[in-house]
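Please treat every number below as a calculation from the coordinates, not as lab data. In this text, all values refer to a predicted model and were calculated from it rather than measured experimentally. Positions of Cβ are generated from backbone atoms using ideal geometry, with glycine treated the same way; all protein chains shown enter the neighbour counts.
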Amino acid sequence: MQNGKINGPVVITDHQHFAGQIVGDAHVASGGSFVLYGQLTGDLHIEPGGRASVHGMVCGTIFNNGGLLTLLGMAGDIVSDGSAHSTIDPVAVITHRR
C-alpha cells in the first residue's frame, strides 16, 4: 500500500492500494485496479476494463467510462456511461449528485 502525497495526474495500469493524498486527477486504465483509502483532490476516470474501489474521498467527479466502480466513501459526483457498472453503498456520500 502506498502512503504519502503524490502530485497528479496519476495513471494506474496495475493493482494499486493508496492511503495518502493524490493532488490532481487519477486515471484507471484497462486492466488496472485502484483501491483508494485516502483523498483524491481531482477527478477519477475509470476506463473500460478498469476497476476502482473508493473507501476514502474523491473531491471531484468520478467518470466511469465502462469500468467497475464501488463507492463506499465520498465523491463530489458520479458520471457513468451505459456500459459502466457502479455500486454505491448506502452509507456513501455524493455531495453534488445531479
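Long-range amide H contacts for VAL10: which residues qualify at under 5 Å (H placed 1.01 Å from N, peptide plane, sequence gap of 5 or more or a different chain)?
ASP25, ALA26, HIS27
For the chain, what is the percent of antiparallel DSSP beta bridges, rounded to the nearest 5?
0 percent
How big is the charge dipole of the chain about its Cα centre, in debye rounded to the nearest 20, if each Lys and Arg gets +1 on its Cβ and each Asp and Glu gets -1 on its Cβ?
160 debye
Could you tell me what a quarter of the Cα convex hull surface of the chain works out to, in nm² with one decimal place?
If you wrap the Cα atoms of the chain in a convex hull and average its projections, you get 5.1 nm².
Considering amide H positions built from the backbone, and no H for Pro or chain starts, which residues 5 or more places from THR70, or on another chain, come under 5 Å of its amide H?
ALA52, SER53, VAL54, THR87
Please list the non-local residues whose amide H lies under 5 Å from the amide H of GLY60, H modeled 1.01 Å from N, same-chain partners needing a gap of 5 or more.
GLY42, GLY76
If you plug each phi of the stretch 86-94 into the Karplus form 6.51 cos²θ - 1.76 cosθ + 1.60 with θ = phi - 60°, what whole-Hz ³J(HN,Hα) values come out, in order, with x for Gly and Pro?
10, 10, 10, 5, x, 8, 5, 10, 10
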